[in-house]
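Colleague: Dropping the structure in here first, questions after.
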Amino acid sequence: MTLTMRSHLEDVGLKPGLLYIDGEWGGAVDGATWTHHHPATGEEVADLAVASASDVDSAVAAARRAFDESDWAGWRAQRRIALLRRCGALLREHADELRAVQALDNSVPVGFGAGVYAVSVEVAADVFDHHAGWVDKLGGETLAPYQGGDHLAMTFREPIGVVAAILPWNAPFLLLAQKVAPALATGCTVVLKPSEYCTFTVLRMVELLESAGVPKGVLNVVTGPGDPTGERLITHPDVDKISFTGSRAVGSRIVEASASTMTRVSLELGGKSPAVVFDDAADVGLAAATTIGAVTLGLSGQACVANTRALVHRSVYDEFLAAAEGMAGMVSYGDPFDPAVMSAPLINGRQLDRVLGYIDKGTAEGARLVTGGERLGGDYAGGNFVAPTIFADVDNSSTLAQEEIFGPVLAVVPFDDEDEAVAMANDTEYGLGASVFSADAQRTFRMARRIRAGTVCLNGFQIEPHLPFGGFKQSGLGREGGRSSIEAYTELKTVLMPLGDEMM
Ligand code: NAD
């Protein structure tokens, strides 16, 4: 039966999307809208408002006023902690509903969203709880005077100001929380721009945060694509910081746009992360399942930190390939509301063409197609589904091994010794993540030290909400998560004071 979202649309009852500015919900001033099409069927889901430059100006002005003129930044700690905890509790309470809205947005299956912590509503709630714990610990230092004498030298952490938070479409729960929670914890104000491919989930989350008691003007939402909405936001002179998660191309544009104003920038960008599997891995089959799982389940490889390059020791290479192929054959597609479905389609037609183009290129460059490599037809023909794809005998310098494909495509490259594995792991413009599979603990730590990536997982693959996350090289600028978020959302101020008559 041909896949359709019609009954789910009726059940969930999405209303057209609105902007949220200064505590009010409303359309764009010029009435512009964008129609969201479901990635699994191509059906129309709902219209969202496209914020014009003037809507963005209103949102930034509201955030500016809330920061400069309201008592928000000076709230007492106990009140702010209670607010963050209410945000977390409301998200948890509405987890099922949020997963359903997300399934209509980006087609991430509800079963996957419920079962995998890193992309769950629960991880977002935990991020709010974690940041509640920072509120009464935003301290600086008291330092001994360098030149002696009788004076005090101190540092303070102060909120950075108005934050433009720009989200991609793939993991709205975690990524909204990683930007909004530290902003609320430190006393910043926010103008949030979701992706045009995942707006309704973010709007529903913001409704919940509003009902948790976030004051008017502190959190504003402008929806719409990069042009005009995003462009106005990243070039607005009253924005103090841009926190962006998305592609390297847009990240570069943000660095360029911020150069003349020195707007603070955090960038969480893409990757081409390696899974390095040694011949002494305790369970090569499990290493293969973990690797191909991250590339095909849930987001169908549309995850920044998925290990999309497998570097495998030649002596376990065939074993790895057989296990990965077996697992790829078990991936289930279709209706994201079916609890048995575990994988999503590609987000849009442009991404579908891009991924199929990379698959053609892989074959043309001489890699061996082990499985997949085609768009799914039949009942799935209306959606952007691509079969889990494995290429073997990939040259590490080829396009397939070097470029972020953002689809269910694993490139498997053989290696002969540890030095070669390190050289290949680091031979990329990216540096977001890596996994190392080996039963030799010293080797795993050695590899963790030698691989130039922001996060290295040993004998596994996981994400924790309270740890710094970010990339080396072209995978980004700065870190988000835990203490690093607090640092990224505050300015450090130094204060000096003589204790007697003596001037310094
Ligand atoms: P994208 O860069 O196309 O879009 C991201 C956001 O930027 C969207 O909201 C989009 O509307 C906006 N945007 C586009 N052009 C803009 C402009 N000129 N000015 C301001 N905003 C603009 O990325 P995507 O397709 O939504 O997401 C996929 C990318 O995100 C991948 O490269 C992936 O690796 C990366 N990603 C990184 C992380 C991380 O934490 N490192 C997490 C998730 C996704």
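The values are calculated or read from the model by the stated rules, or taken from the named source; none is laboratory data. The structure presented is a predicted model; accordingly, all values stated were derived computationally and were not measured. Glycine also receives a Cβ, built like all others from the backbone with ideal geometry; neighbour counts cover every protein chain displayed. Surface areas here come from the heavy atoms of the whole protein model, side chains and all, with no ligands, DNA or RNA. Shrake-Rupley method; radii C 1.70, N 1.55, O 1.52, S 1.80 Å.
Colleague: Over the chain, average the accessible area per residue using a 1.4 Å probe and give it in Å², no decimals.
Modeller: Details: 19750 Å² over 504 residues.
The answer is 39 Å² per residue.
Colleague: Share of antiparallel DSSP beta bridges in the stretch 362-504, in percent to the nearest 5?
Modeller: On the way: 5 of 12 bridges.
The antiparallel proportion sits near 40 percent.
Colleague: A follow-up question, please. For residue 35, what is the net charge nearby, where nearby means another residue's Cβ is under 9 Å from its Cβ and Lys, Arg count +1, Asp, Glu -1? Mind showing how you got there, number by number?
Modeller: Numbers: positive: none; negative: 44, 47.
Surrounding charge for residue 35 is -2.
Colleague: Sticking with this structure for a sec: Amide H to amide H under 5 Å from residue 46: which residues, 5+ apart in sequence or cross-chain, H placed 1.01 Å off N in plane?
Modeller: Under 5 Å from the amide H of residue 46 lie the amide H atoms of 36, each far enough along the sequence or on another chain.
Colleague: Direction-averaged shadow area of the convex hull around the Cα atoms of the chain, nm²? Intermediate results must be reported in sequence, preceding the final value.
Modeller: On the way: hull surface 101.8 nm².
Mean projected area for the chain: 25.4 nm², to one decimal.
Colleague: Related question: With axes computed from alpha carbons, what is the tilt in degrees of helix 349-364 against the longest principal axis of the chain, rounded to the nearest 10 within 0 to 90?
Modeller: 50 degrees
Colleague: OK, next. If amide H atoms are built 1.01 Å from N in the plane of the peptide, which residues on other chains or at least 5 residues away come under 5 Å of the amide H of residue 491?
Modeller: Counting only residues 5 or more places away or on other chains, the set is 158, 160.
Colleague: Restricting to Cα pairs below 8 Å that are 6+ residues apart, what does the relative contact order work out to for the stretch 16-63? Please round to a whole percent. Present the calculation step by step, with values, prior to reporting the outcome.
Modeller: Numbers: 69 pairs, mean separation 19.1, N = 48.
Once normalised by length, the contact order is 40 percent.
Colleague: Still on this structure, I have one more. Highest mean first, how do 375-384, 219-228 rank when packing is the count of other Cβ atoms within 10 Å averaged over residues? List each step's numbers first, then the result.
Modeller: Numbers: 375-384: 16.5, 219-228: 22.3.
Listed from highest to lowest mean packing, they are 219-228, 375-384.
Colleague: Amide H to amide H under 5 Å from residue 275: which residues, 5+ apart in sequence or cross-chain, H placed 1.01 Å off N in plane?
Modeller: 309, 310, 311, 435
Colleague: Explain nothing, just the number: relative contact order of the stretch 207-295, from Cα pairs under 8 Å at least 6 residues apart, as a whole percent.
Modeller: Working: 52 pairs, mean separation 18.3, N = 89.
Computed over the stretch 207-295, the figure is 21 percent.
Colleague: Evaluate the charge dipole of the chain about its Cα centre and quote only its size in Debye, nearest 20, assuming +1 on the Cβ of each Lys and Arg and -1 on the Cβ of each Asp and Glu.
Modeller: Working: 39 positive and 64 negative charges, 144 e Å.
The calculation lands at about 700 debye.
Colleague: Between residue 1 and residue 314, what is the FRET efficiency for a Förster distance of 51 Å, r being their Cβ-Cβ separation, to the nearest 0.05? Each step should come with its number before you reach the end.
Modeller: Numbers: r = 46 Å, r/R0 = 0.90.
It comes to 0.65.
Colleague: How much of the DSSP beta bridge set in the chain is antiparallel, as a percent to the nearest 5? List each step's numbers first, then the result.
Modeller: Numbers: 27 of 64 bridges.
The antiparallel proportion sits near 40 percent.
Colleague: Same structure, new question: Can you pull the one-decimal nm distance between simple spin-label points at residue 54 and residue 350, each 7 Å off the Cα toward Cβ?
Modeller: 2.7 nm
Colleague: Using the charge dipole of the chain (Lys, Arg: +1 at Cβ; Asp, Glu: -1 at Cβ; taken about the Cα centre), state which of 133, 293, 468 has its Cα farthest towards the positive end.
Modeller: Working it through, the farthest residue towards the positive pole turns out to be 133.
Colleague: Moving on to the next point. Could you state the angle between the C-alpha long axis of helix 53-68 and the longest principal axis of the C-alpha atoms of the chain, as a value from 0 to 90 degrees rounded to the nearest 10?
Modeller: 50 degrees
Colleague: Given a cut-off of under 8 Å on Cα pairs at least six residues apart, what relative contact order in percent is computed for the chain? Walk me through the numbers before you get to the answer.
Modeller: On the way: 1152 pairs, mean separation 92.4, N = 504.
Over the chain, the number comes to 18 percent.
Colleague: Ignoring any ligand, DNA or RNA, what whole percent of the accessible area of the stretch 306-390 comes from carbon and sulfur when the probe is 1.4 angstrom?
Modeller: Values: 1820 of 3490 Å².
Answer for the stretch 306-390 is 52 percent, counting heavy atoms of protein chains only.
Colleague: Per DSSP helix of 4 or more residues, -39500 (n - 2.57); summed, then divided by the residues of the chain. What does that give at 222 nm, rounded to the nearest 500?
Modeller: On the way: 17 runs with 182 residues, N = 504.
Taken over the chain, the calculation gives -11000 deg cm²/dmol.
Colleague: Let me ask another. Assuming 0.36 nm per residue, please report the length gained on full extension of the stretch residue 464 to residue 483 beyond their Cα-Cα distance. Walk me through the intermediate numbers first.
Modeller: On the way: separation 19, 0.36 × 19 = 6.84 nm, distance 1.30 nm.
Full extension from residue 464 to residue 483 adds 5.5 nm.
Colleague: Two decimals, Cα atoms only, Kirkwood Rh: what is Rg/Rh over the stretch 164-270?
Modeller: On the way: Rg = 12.9 Å, Rh = 13.8 Å.
Dividing the radius of gyration by the Kirkwood radius yields 0.93.
Colleague: Work out, step by step, the length gained on full extension between residue 259 and residue 338: first 0.36 nm times the residue separation, then minus their alpha carbon distance; give nm to one decimal. Working shown, then result.
Modeller: On the way: separation 79, 0.36 × 79 = 28.44 nm, distance 4.71 nm.
Answer, rounded to one decimal: 23.7 nm.
Colleague: Any idea what angle helix 172-186 forms with the longest principal axis of the chain, computed on alpha-carbon atoms, 0 to 90 degrees, nearest 10?
Modeller: It is inclined by approximately 20 degrees.
Colleague: Given a Förster radius of 22 Å and the C-beta distance between residue 395 and residue 446 as r, what FRET efficiency does 1/(1 + (r/R0)^6) yield to the nearest 0.05? Working shown, then result.
Modeller: Values: r = 26 Å, r/R0 = 1.16.
The pair residue 395/residue 446 has a calculated efficiency of 0.30.
Colleague: If you roll a 1.4 angstrom probe over the protein chains with everything in place, what fraction of the accessible area of the stretch 49-154 belongs to carbon and sulfur, to the nearest %?
Modeller: Numbers: 2400 of 4540 Å².
Roughly 53 percent of what the probe reaches on the stretch 49-154 is carbon or sulfur.
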